[in-house]
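What follows is a single structure, written as structure tokens, with notes after it.
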Amino acid sequence: MITVENVRKVFPLPKGEEFVALGDVSLALQDNEFVTVVGPSGCGKSTLLNILAGLETPTRGRALVDGEPVTGPGPERGVIFQQYALFPWLTVRKNVEFGLRNRGVPRAERRATADHFIELVGLERFADALPKTLSGGMKQRVAIARAYAVNPSILLMDEPFGAVDALTRVRLQEQLLATWSQERRTVLFITHDVDEAVFLANRVVVMAARPGRIAEIVDVDLPYPRTEESRLSPRFTALRNRVWSAVYHQESVA
Ligand code: ADP
Ligand code: MG
């Protein structure tokens with residue numbers, strides 16, 4: 001299980017002032033749940049994710065992954081950002097194998113694992129291609145395969161589909177859910193797109209700004225697998241409106 005306990009994060013500003021990025025945030029994620037975080041820009045979404053990733057240290061409180069306090073980055077936490085952090089000089093397969101190679105996994109096993117995940121994200125035809133020959137959406141699929149390949153307990157995704165066009169984005173959402181439904185894993189997925197937040201998640205965390213905090217948590221009681229039909233259902237619309245109004249009202253008071 002993954003928990004965030006009373007996390008406060010204060011950034012020092014020039015002239016001795018301080019900026020409270022997170023006031024007092026607590027959150028518990030169940031194993032294998034898909035949680036999305038949505039909220040206005042600057043409400044501390046990335047700060048929260050970076051604390052779980054071990055890239056930022058909380059000013060107060062702590063994050064726990066598998067019962068261990070987070071003190072830095074670790075292989076049990078896969079992180080995917082908006083910009084494609086692939087190694088440009090390595091093929092798709094070598095990119096996906098990278099974390100396994102670091103861990104000393106034998107070559108044949110490494111390759112089998114990489115090929116499994118490459119196939120799962122539908123890129124088997126591109127296993128030997130270099131990243132520069134792929135579209136943005138395909139690069140993010142490689143990043144997802146690479147994150148899964150090292151068998152992390154949690155995937156931390158910070159607006160991973162923010163840089164692709166609307167149709168590709170929808171396809172990536174479906175692809176990610178297909179991968180997740182096979183392989184599971186706890187996912188914390190940040191987005192500022194309310195439709196994306198509802199489509200993917202079983203719970204949507206709505207954050208508010210100044211100070212960054214959790215305003216509301218909305219349970220998404222739509223069954224998986226989610227399809228285009230889910231997106232067109234009255235229940236989806238109702239949930240989307242509910243999340244949207246929570247985000248909208250937060251922004252108007254800020
Ligand atoms: P979000 O991802 O929700 O847009 P962030 O977590 O990136 O928000 O940032 C929250 C707030 O903290 C923003 O107002 C941002 O300017 C501020 N912030 C983030 N990192 C730093 C930093 N290193 N120093 C000062 N302020 C920061
Ligand atoms: Mg951010």
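The values are calculated or read from the model by the stated rules, or taken from the named source; none is laboratory data. As the structure is a prediction and not an experimental result, all values here were calculated from the model. Note: ideal-geometry Cβ built from the backbone for every residue, glycine included; neighbour counts use all protein chains shown. Ligands, DNA and RNA are stripped out before the accessible areas are found, and what is left, the full protein with its side chains, is counted by its heavy atoms. Shrake-Rupley method; radii C 1.70, N 1.55, O 1.52, S 1.80 Å.
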Cα shape, the chain, gyration tensor, a/c 1.5 rule: oblate
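Rounded, prolate or oblate: which fits segment 21-145 when a ≥ b ≥ c are the square roots of the eigenvalues of the alpha-carbon gyration tensor, with rounded for a/c under 1.5 and prolate only if a/b beats b/c? Let's see the in-between values first.
On the way: a/c = 2.40, a/b = 1.76, b/c = 1.37.
Prolate, since a/c reaches 1.5 and a/b exceeds b/c.
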How many angstrom lie between the C-alpha centres of segment 3-71 and segment 200-242? 21
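As a check on your grasp of the helix formula, calculate [θ] at 222 nm for the chain: sum -39500 (n - 2.57) over DSSP H runs of n ≥ 4, divide by the residue count, round to the nearest 500.
Numbers: 8 runs with 98 residues, N = 254.
Using -39500 (n - 2.57) per qualifying helix, the result is -12000 deg cm²/dmol.
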Selected from Gly67, Val164, Thr133, residue furthest toward positive end of dipole (the chain; charges at beta carbon): Thr133
Please go through segment 96-192 and write out the trypsin sites (Lys or Arg not before Pro) that DSSP classes as loop and that have at most 16 other C-beta atoms within 10 Å. Arg103, Arg184
Please list Trp244, Trp89 in order of solvent-accessible area, largest first, computed with a 1.4 Å probe with all protein chains present. Trp89, Trp244
Suppose every K and R has +1 on its Cβ and every D and E has -1 on its Cβ; what is the size of the dipole of segment 184-237 about the Cα centre, in Debye to the nearest 20? 280
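Looking at the square roots a ≥ b ≥ c of the eigenvalues of the Cα gyration tensor of segment 136-254, which shape do they give, rounded for a/c under 1.5, prolate if a/b is larger than b/c, or oblate? Kindly include the intermediate steps, with their values, before the conclusion.
Details: a/c = 1.72, a/b = 1.40, b/c = 1.23.
The shape class here is prolate.
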